[in-house]
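*Asks:* Can you read through this structure? Questions will come right after.
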Amino acid sequence: MAATPSPEPTEQRRSKTREIVNSGTETFPFRILEHGRHYFDFDLLDPTKLIPEELVPVQRVGKLTLNRNPDNFFGETGPANYIEINGSMPIGKSKFSVGGALCHQKVKGPLDYNTWNVGFGYSLTDHVGFDLRGRRDL
């Protein structure tokens with residue numbers, strides 16, 4: 001079955017969901033790249049580039065069969081919090097400043113982390129400046 005491009009991704013997802021519900025399965029060829037990424041000076045996975053199959057052959061290794069729609073798709077998604085505290089102060093009457101930040105991210109599972117950074121800033125104008133910061137994970 002040939003896929004028809006859809007103007008919006010959500011309609012394409014709805015269409016695939018309906019096909020799986022109505023027919024029971026949807027099958028696609030499963031293919032892999034024959035060469036590793038280190039052979040070329042460009043990114044093979046860059047979606048903005050078209051790379052001919054003559055340059056990087058694709059090998060068919062089997063079929064990918066979608067046979068059911070997920071139940072409770074967002075059931076495993078838990079709350080996530082990110083807290084950041086920033087502070088900075090000028091150094092004398094110059095355009096330089098020193099600043100720092102303390103951050104904490106809490107998500108469901110083992111991905112919680114704390115980090116802090118310290119840096120120097122310079123004001124180019126009253127409204128434009130830049131920071132140079134170093135970061136450390138705790």
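*Asks:* Sequence neighbours fewer than 8 away in the same chain don't count; with that in mind, list the aspartates and glutamates whose C-alpha is under 19 Å from Lys95.
*Replies:* Here the aspartates and glutamates satisfying the reach criterion relative to Lys95 are Asp126, Asp131.
*Asks:* Rounded to whole Å and sorted largest first, list the principal axis extents of the Cα atoms in segment 97-138.
*Replies:* 44, 17, 10
*Asks:* Sticking with this one: Among all the lysines, which ones have a C-alpha under 22 Å from Lys63's C-alpha, if same-chain residues fewer than 8 places away are not counted?
*Replies:* Lys16
*Asks:* With a point put 7 Å past each Cα toward its Cβ, work out how far Phe96 is from Ile51 in nm, to one decimal.
*Replies:* For Phe96 paired with Ile51, the spin-label model returns 4.6 nm.
All of the numbers you see were taken from the coordinates with simple rules; none came from a lab. Just so you know, these numbers come straight off a predicted model, no measurement behind them. With ideal geometry, Cβ positions are generated from the backbone for all residues, glycine too; neighbour counts draw on all protein chains shown.
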